[in-house]
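*Asks:* One structure is given below, represented as structure tokens, and several questions about it will come after.
What follows is calculated from the coordinates using simple rules that are stated; it is not laboratory data. The structure presented is a predicted model; accordingly, all values stated were derived computationally and were not measured. Note that each Cβ is placed from the backbone with ideal geometry, even for glycine, and that neighbours are counted across all protein chains shown.
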Amino acid sequence: MLPPETALWNFVEASVRDVFRAYNFQEIRTPIFESTELFARGVGEETDIVSKEMYTWEDRGRAESDKGQSLTLRPEATAGIVRAYIEHKLWDRGLNKLYCIGPMFRRERPQKGRYRQFYQIDAEVIGPASSGSDSPARDAELLEMLATLLDRLGIADWNLELNSVGTSADRVAFNEALRKALEPVKDVMCADCQRRALTNPLRVFDCKVPEDQPIIEMLPRITQFLGDDSRKHFDAVQEILTKVGVEFHINDRLVRGLDYYTRTAFEFTHGALGAQNAILGGGRYDGLSEALGGPPAPGIGFAIGEDRLVMSLKETAEGVLRKPDVYVAPMAGMNGEAARLARELRRHDLVVELGDDSFRLKKSFEAATKAGAEYILIVGENEVKADAFALKNLSTSEQVQVARGDLAGKIRGQ
Ligand code: HAM
């Protein structure tokens, strides 16, 4: 990642921190690698992430006890955050809204918007049910926060796709129905789907093979198998979203590619991104803490693909990229005076690029133009004596003499 684009990343992260603060989220930083078992148990053995995409190695280890431990570069943040929640008993500290920003790793086929090291902005609401963590109000609040964030970043045209994948109890009947429906057709499907049909039929919905799509279109949908509680929860989420004015579309094919989801599942897509059009995805994972050996702790969260978010921002990004306000050009022997002046101007929060007294005036002008500076400020012996400096606007060519004390104000256009 190179400048000037890195300024966009900083703009995104600063906006995220601001918006998340208003919803009372606090930052957590989890390790870049953890035990392989955490992800296998958390994300699910049969998912593409665990079965094909993880960067896993056996640790050499100094101590006998470390030898042969299997470690993995984190492919996502949720499992690590829930591990930390359990390990540090975060419920005792009343910490139930957490976010994390950082790199994730998946061995996928690279293409536009899909990388092997990519960045996620991940947020989770997790806690004992007594903290309200299983309420549909949390789902709606999280989705409304995302709508607010995207609007604030100037990303129009996002589309919220919403589904419920039910509880694990709802899915017993659904999986049964899927197996039955797949039985007569699975042999003509791709090798992955043939395997999924036996081990974890829900994962068939992750299939991207075009020839399999007509078959998948005909399969039963989870929405037909939702129990009363799941249905009520799903309806309540929709009701609040409608009340707060967040638009959504129901997509009953959306099951998300990770096994921990229960009930609400969602993605935000953006048209300009092409094939990899999901800017972010998330959902509920009410049983994950228990699956990882912790206490019951319903939770819901999401991860934004920061690379994709920045891509969808590029068109509107002009204003974020700050060029130097002024290029300070010292004449021969004036490096010290120029440095003093630059120091004063930077204290006024101006972006200052400093030249060198070995440059001829022509070279200073070229350097200032190349840097994109708005003004050039000439620092010569006479100027220093007079305590007033020649300030030239590089786009209008207007040149004025300005007293030292008035420089910052003039540069700022006051
Ligand atoms: P995910 O859908 O696997 O969910 O990833 C979330 C987002 O990360 C995707 O929508 C996409 O924008 C971005 N992403 C994923 N893979 C890549 C890649 N190879 N290159 C670029 N961007 C990518 C999760 O990871 C869940 N942990 C989200 C979550 C949090 N659910 C509950 N809490």
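*Asks:* How far is it, in nm, from the label point at GLU247 to the one at ASP157 when both lie 7 Å from their Cα along the line to the Cβ?
*Replies:* 1.3
*Asks:* What list of ³J(HN,Hα) values in whole Hz, one per residue of the range 202-211 in order, does the Karplus curve 6.51 cos²θ - 1.76 cosθ + 1.60 (θ = phi - 60°) give from phi, with Gly and Pro shown as x?
*Replies:* 4, 5, 4, 5, 7, 4, 10, 5, x, 5
*Asks:* Still on this model: Explain nothing, just the number: relative contact order of the range 1-159, from Cα pairs under 8 Å at least 6 residues apart, as a whole percent.
*Replies:* Result for the range 1-159 is 22 percent.
*Asks:* Provide the gained length on full extension for the span HIS348 to SER397, in nm with one decimal, where the gain is 0.36 nm per separating residue minus the Cα-Cα distance.
*Replies:* Once the chain is fully extended between HIS348 and SER397, it gains 15.3 nm.
*Asks:* Provide the gained length on full extension for the span MET1 to CYS190, in nm with one decimal, where the gain is 0.36 nm per separating residue minus the Cα-Cα distance.
*Replies:* Net length gain for the segment: 64.4 nm.
*Asks:* Please compare each pair in LYS314/LYS363; LYS314/LYS392; LYS323/LYS410; LYS323/LYS385 to a cut-off of 22 Å on the Cα-Cα distance and tell me which ones are over it.
*Replies:* LYS314/LYS363; LYS314/LYS392; LYS323/LYS385
*Asks:* Over the chain, what relative contact order in percent results from Cα pairs under 8 Å that are six or more residues apart?
*Replies:* 15
*Asks:* Something else: Hey, how many Å between the Cα centroid of the range 219-249 and the Cα centroid of the range 356-398?
*Replies:* When both Cα centres are located, 63 Å separates them.
*Asks:* Now a separate question. Output the relative contact order of the range 212-349, whole-number percent, from Cα pairs under 8 angstrom with separation of 6+ residues.
*Replies:* With pairs under 8 Å counted, the relative contact order is 13 percent.
*Asks:* I'd like the FRET efficiency for GLN111 and ARG412, computed as 1/(1 + (r/R0)^6) with the beta carbon distance as r and R0 of 30 Å, rounded to 0.05.
*Replies:* 0.10
*Asks:* In nm, to one decimal, how far is the modelled label at LYS362 from the one at ARG221, with both set 7 Å along Cα→Cβ?
*Replies:* A separation of 7.2 nm, rounded to one decimal place.
*Asks:* Hey, can you rank 2-12, 118-128 by average C-beta count inside 10 Å, highest first?
*Replies:* In decreasing order of mean packing, 2-12, 118-128 become 118-128, 2-12.
*Asks:* Quickly work out the TRP57-to-LYS370 label distance, labels modelled 7 Å from Cα along the C-beta direction, and quote it in nm with one decimal.
*Replies:* That separation, rounded to one decimal, is 4.0 nm.
*Asks:* Now a separate question. Run the numbers for GLU64 and ASP229: contour at 0.36 nm per residue of separation, minus the present Cα-Cα distance, in nm.
*Replies:* Taking 0.36 nm per residue and subtracting the Cα distance, the gain is 54.5 nm.
*Asks:* Under 5 Å between amide H atoms, partner at least 5 residues away or on a different chain: which partners does MET334 have, H built in plane at 1.01 Å?
*Replies:* none
*Asks:* Just order 282-294, 102-114 by mean Cβ neighbour count inside 10 Å, highest at the front, would you?
*Replies:* 282-294, 102-114
*Asks:* Go ahead and run the numbers for FRET between HIS88 and ALA332, Cβ-Cβ distance against an R0 of 51 Å, rounding to 0.05.
*Replies:* 0.25
*Asks:* Can you give the FRET efficiency for LYS385 and ALA14, using 1/(1 + (r/R0)^6), R0 = 56 Å, r = Cβ-Cβ distance, to the nearest 0.05?
*Replies:* FRET efficiency, LYS385 to ALA14: 0.85.
*Asks:* Could you derive backbone 3J(HN,Hα) for the range 283-288 from the dihedral phi with the Karplus parameters 6.51, -1.76 and 1.60 (θ = phi - 60°), listing whole Hz in sequence and x where the residue is Gly or Pro?
*Replies:* Computed from phi, the couplings for the range 283-288 are x, 7, 9, 5, x, 5 Hz.
*Asks:* Place a point 7 Å from the Cα of TYR23 along the Cα-to-Cβ direction; which residues of the range 101-129 have their backbone N under 13 Å from it?
*Replies:* 121-126, by backbone N distance to the label point.
*Asks:* Give the long-range amide H neighbours of VAL379: residues separated by 5 or more places, or on another chain, with amide H under 5 Å away, using H modelled in the peptide plane at 1.01 Å from N.
*Replies:* Those lying under 5 Å, H to H, from VAL379 are ALA329, MET331.
*Asks:* Sticking with this structure for a sec: For the range 212-225, what does the Karplus curve 6.51 cos²θ - 1.76 cosθ + 1.60, with θ = phi - 60°, yield as ³J(HN,Hα) per residue in whole Hz, taken in order and with x for Gly and Pro?
*Replies:* Coupling constants for the range 212-225: 7, 4, x, 5, 5, 4, 8, 6, x, 10, 4, 4, 6, 10 Hz.
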